Amino acid sequence: MRLTAEEQKMLDGDYGKAVQKCMKVLVALGDINGAERMIEVNNVHSPGVSYRVTGDAGLGYVRDVSEEVGFKVPATLNSIGIDLQDWKEIGFPEDFSHKQLELSACYEKMGAIATNTCTPYLTGSLPVFGEHIAWGESSAIVFANSVLGARTNREGGPTALAAAVTGRVPAYGLHLDENRRGEHLIEVEIELKTDKDFAVLGYFTGKLVGGHIPVFAGIEKRPRLESLKALGAALASSGAVALYHIVGHTPEAPVKSAVIDDGVKPVIFGRKEYDEVCEKFSLTGPIDFVVLGCPHVSIIEMGEIAEQLKGKKIKSGLWVCAARQVRSLADTMGYSRIILDAGAEIICDTCPVLCCTLTDRGYKTVATNSGKMAHYAPGLWNLQPVLLNTDECVRAAIDGKWEGRHE
Ligand code: F3S
């Protein structure tokens, strides 16, 4: 790999051992992937910041780096393992929480911006079209690449940390024009009305394409941000999709020929395919737990949930997961009061997948509008999931059961 004089100095240890270690990580990554050079980045989103993910080994590594060096470029943090303000009330264990607090403090010492969310783009970190960035967290990566038209590979904890310390990433994969064209064409033959409908499409497509790039055609109405958020999260869960295009809607796909070759045979997504995904995530009967906000809710979603909960009391557990900044705006708007008065919990900084434990709550079933949550709930917490629209989730929480049918 060709390095600039500055990059070579970092690799040679002129800026200390921690910078050298980080540069070595990036050079090795570049060599494995055939990169010829480094690219400068000015925006990092660090995953692997939950102690549940890092364990003691990861904490030790981050502690060592933080004792020697700070971040060169702005870096936001992904969801962590606890709610920083309410972890005691929620019941997160003391020992885990203290480890998490230490891990978060190490990142903040290096200069990280403590967004603690999988939706940094809802909290002011908004890369522009064509910008090279180094983001981790699968749902955020796919949003940045597809909806914003920024450019990032799927960074892990160590590589994002290295990018924040050096301001560099190796030039390969989705940073390069030639790797951003679609590989599978999905012809959408039904109207997608709700965020959950987009999650269903994402789940179906992720299973089909794995880590490749899908192009969606046939979606006429411009999807809202929340639907695109749901689509990407599901694509990155059942598959490992880091970039998708929607013809006529996402920025790199004004027309089909801009993103996919003529000869690619389409796969149909129609009523049958939609129903098959819904069937996989269906149940009737008692609902113990409801999760909204995977990825973390926008202020628009928070308002919708508040509207549906106004004057009601819930029978099952209900977590509304949000970035703290969105929570703060929801407080101002009066949404939080309504949600809390109904008996729900607003969980910040973390989520059911990355938090330390849910096992002591005795939950057996979960209703969610998230394809990602539905995908992970059985394996992680032994919860049987049902995938519903947001208003159906709220209704299930109020009734403590779900007896409806998918439409
Ligand atoms: Fe975000 Fe946690 Fe879901 S990090 S995307 S709420 S699994």
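Taken about its Cα centre, the chain carries a charge dipole of about 220 debye when Lys and Arg each add +1 at the Cβ and Asp and Glu each add -1 at the Cβ. Per-residue Karplus couplings for the range 260-276, computed as 6.51 cos²θ - 1.76 cosθ + 1.60 with θ equal to phi - 60°, are listed in order as 8, 6, 4, x, 6, 6, x, 9, 8, 10, x, 4, 4, 5, 4, 5, 4 Hz, Gly and Pro entered as x. The distance from the alpha carbon centre of the range 274-305 to that of the range 72-129 is 24 Å, rounded to a whole number. Dividing the Cα radius of gyration of the range 317-407 by 2.2 N^0.38 Å, with N the residue count, gives 1.11. Calculated from the alpha-carbon coordinates, the chain shows an Rg and a Dmax of 21.2, 65 Å respectively. Working from label points 7 Å from Cα in the Cα-to-Cβ sense, the Lys207 to Glu94 distance is 4.6 nm.
The string of couplings for the range 245-250 from the Karplus curve (6.51, -1.76, 1.60, θ = phi - 60°) is 10, 10, 4, x, 10, 8 Hz, one whole number per residue in order, with x for Gly and Pro.
Each 5 Å bin, from zero up to the one with the longest distance, holds this percent of the alpha carbon pairs of the range 1-151: 2, 9, 16, 19, 19, 17, 11, 4, 2, 1, 0.
Tell me, what does the Kirkwood hydrodynamic radius of the range 133-184 come to in angstroms if you use every pair of distinct C-alpha atoms? In the range 133-184 this quantity evaluates to 11.4 Å. When each of the peptides 96-107, 1-12 is scored by the mean number of other C-beta atoms lying within 10 Å of its residues, the order from highest to lowest reads 96-107, 1-12. When a 1.4 Å probe is rolled over the protein heavy atoms, the share of accessible surface on the chain that falls to carbon and sulfur comes to 50 percent. Spin-label model, Arg224 to Asp12: label points 7 Å out along the Cα-to-beta-carbon direction sit 5.6 nm apart. A 1.4 Å probe run over the protein chains yields, for the range 83-188, 34 Å² of accessible area per residue, whole-number rounding. Comparing Glu276, Glu178, Glu40 in a Gaussian network model of the chain (Cα springs below 10 Å), the most mobile by mean-square fluctuation is Glu178. Residues whose amide H falls under 5 Å from that of Ile347, counting only those 5 or more places apart or on a different chain, are Val320, Cys321, Ala322, with hydrogens built in the peptide plane. The lysines whose alpha-carbon is closer than 24 Å to the alpha-carbon of Lys221, local same-chain residues fewer than 8 away aside, are Lys193, Lys196, Lys229, Lys256, Lys265, Lys272, Lys372. The dipole here belongs to the range 331-407: it is taken about the Cα centre, uses +1 on the Cβ of Lys and Arg and -1 on the Cβ of Asp and Glu, and is about 240 debye.
The values are calculated or read from the model by the stated rules, or taken from the named source; none is laboratory data. None of these values were measured; they are calculated from a predicted model. So basically every Cβ, Gly included, is an ideal-geometry build from the backbone, and we count neighbours across all protein chains shown. Please note that ligands, DNA and RNA were not included when accessible areas were found on the heavy atoms of the full protein model with its side chains. Shrake-Rupley method; radii C 1.70, N 1.55, O 1.52, S 1.80 Å.
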